[in-house]
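First the structure, then my questions, so here it is.
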Amino acid sequence: MRVFVTGATGFVGSAVVRELLGAGHQVLGLARSDAAEAALKEEGAEAYRGDLTDVDGLRAAAEATDGVVHTGFHHDFSDMPGALRIELAVLAAFGDALAGSGRPLVVTSVTGLLTPGRVGTETDGPDPAAPGAHRAEPERAALALADRGVRVSAIRLPQVHGAGDHAFVPFLIDIARDKGVAAYVGDGSHRWSSVHRLDAATLYRKALEQAPAGSVLHAVAEEGVPVRDITEVIGRRLGLPVVSLAREEAAAHFGWLAGFVGNDNPTSGAATRARYDWRPAQPGLLADLDQDHYYA
């Protein structure tokens, strides 16, 4: 297949590009800059210049390919309504390009939109009270494209880790360095489901090749890693004390990350592993977090 990939030079998307190329697919990757274009060409992919706000360009790229993998997202926590408007426009453009064709569209969602405190499964819908609930509307909009003849599937990502990570775990490390302590909330029993970026990339390929229209997949290798255990690795690696904070202290310490640090988000990927013969093989979160690349 010739596949259009958004977020093609990002943390997850770059791994997806390599996975697709390694499996014999051709890749047309979205590139916002000369550096991104050069990186894609070095991997053996084609580059398509543009960004997520260029809906006409995205539509044209999708029309010219056999399928789309959408890993990009306009991450602007200072203007989440604006980011969601961009995302919905992107999905509408892909829907217009692929409608009636039966071609695959794999989109990215998050496990953080599921109900906290219990193990979420692929059949569970979004919870409006969950910390990741802002991703529910795009997920619904994407899955609705199945009614328009698009073989759409949604991959819900947990905490994605690996070399090059720049998301929640590095933020925790930076906060610990800044505050002089590695902290968790309460007894630290809140759980984060997780996956290595390379294992996630394999599942994106399998979804592209196999997933029926309207499918939800969980890219979950580890169901629930206690935040206390994550914090203890960070504290040991940084030589800092590990402390517990009361919930009312979390906002002052963690800032915008407080809601996620205190969120209990165990998630199962058992049905996904069974249906798609997906076998995560990379190191788990704690083993990966103990590597030097997180502290360079």
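The values are calculated or read from the model by the stated rules, or taken from the named source; none is laboratory data. None of these values were measured; they are calculated from a predicted model. Counting neighbours? That spans all protein chains shown, and the Cβs are built from the backbone with ideal geometry, glycine included.
Scan the stretch 67-87 for residues that are surrounded by fewer than 15 Cβ atoms within 10 Å (Cβ to Cβ) and touching a residue at least 40 places away in the same chain (Cβ under 8 Å) and jot them down.
Looking only at the stretch 67-87, we keep the residues that are surrounded by fewer than 15 Cβ atoms within 10 Å (Cβ to Cβ), and these are 75-82, 85.
Phe77, Met80 - these are the residues of the stretch 67-87 that are surrounded by fewer than 15 Cβ atoms within 10 Å (Cβ to Cβ) and touching a residue at least 40 places away in the same chain (Cβ under 8 Å).
Now for a separate question. How many of the residues making up the stretch 279-296 are outside any helix (DSSP H, G or I) and surrounded by 20 or more Cβ atoms within 10 Å (Cβ to Cβ)?
Of the residues in the stretch 279-296, the ones outside any helix (DSSP H, G or I) are 279-284, 290-291, 295-296.
Within this subset, residues satisfying the condition of being surrounded by 20 or more Cβ atoms within 10 Å (Cβ to Cβ) are 280.
Result for the stretch 279-296: 1.
Test Gly214 against the stated conditions and say whether it is touching a residue at least 60 places away in the same chain (Cβ under 8 Å) and assigned by TED's automatic domain parsing to the domain that holds Leu113.
Working: touching a residue at least 60 places away in the same chain (Cβ under 8 Å): yes; assigned by TED's automatic domain parsing to the domain that holds Leu113: yes.
Answer is yes for this residue.
Another question, if that's okay. What's the number of the condition Arg228 fails, among (1) touching a Ser or Thr at 6+ places or on another chain (Cβ under 7 Å); (2) part of a helix (DSSP H, G or I); (3) more than 28 Å from Pro126 (Cβ to Cβ)?
Here Arg228 clears every test but (3).
I'd like the residue in the stretch 33-66 that is over 20 Å from Val150 (Cβ atoms) and among the hydrophobic types (A, V, I, L, M, F, W, C) and, out of all such residues, is surrounded by the fewest Cβ atoms within 10 Å (Cβ to Cβ).
Ala35
What tally of residues in the stretch 88-134 results from selecting those that are in contact (Cβ under 8 Å) with a residue 40 or more places away in the chain, under 27 Å from Gly224 (Cα atoms), part of a helix (DSSP H, G or I) and of a type in the set (A, V, I, L, M, F, W, C)?
Here the count works out to 1.
Check whether at least one residue in the stretch 261-274 is part of a strand (DSSP E or B), closer than 18 Å to Ala163 by Cα and in contact (Cβ under 8 Å) with a residue 60 or more places away in the chain, and report yes or no.
Taking the stretch 261-274 first, the residues part of a strand (DSSP E or B) are 265, 267.
Okay, now just the ones that are also closer than 18 Å to Ala163 by Cα, so none.
No, the conditions are met nowhere in the stretch 261-274.
Can you tell me which residues in the stretch 182-217 are assigned to a loop (DSSP other than H, G, I, E, B) and either crowded, with 18+ Cβ neighbours inside 10 Å or under 19 Å from the mean Cα position of the chain (by Cα) (or both)? Let's see the steps before the verdict.
Quick first cut of the stretch 182-217, residues assigned to a loop (DSSP other than H, G, I, E, B) only: 186-190, 211-214.
Correct list: Gly188, His190, Ala211, Gly214.
Those residues that are in contact with a strand residue (DSSP E or B) (Cβ under 9 Å, 6 or more places away or on another chain) and on the phi > 0 side of the Ramachandran plot, I need them from the stretch 75-118; list them, please.
Result: Gly102, Gly117.
To continue, here is another question. Within the stretch 56-84, which residues are modelled with pLDDT of 95 or more and part of a helix (DSSP H, G or I)?
Asp56, Gly57, Leu58, Arg59, Ala60, Ala61, Ala62, Glu63
Residue check: is Val220 buried (at least 24 other Cβ atoms within 10 Å of the Cβ), modelled with pLDDT of 95 or more and assigned to a loop (DSSP other than H, G, I, E, B)?
yes
Can you pull out every residue in the stretch 3-22 that is of a type in the set (A, V, I, L, M, F, W, C) and surrounded by 21 or more Cβ atoms within 10 Å (Cβ to Cβ)? Before the answer, list the steps.
In the first step, residues of the stretch 3-22 are kept if they are of a type in the set (A, V, I, L, M, F, W, C); the result is 3-5, 8, 11-12, 15-17, 20-21.
Listed by number, the residues that qualify are Val3, Phe4, Val5, Ala8, Val12, Ala15, Val16, Val17, Leu20.
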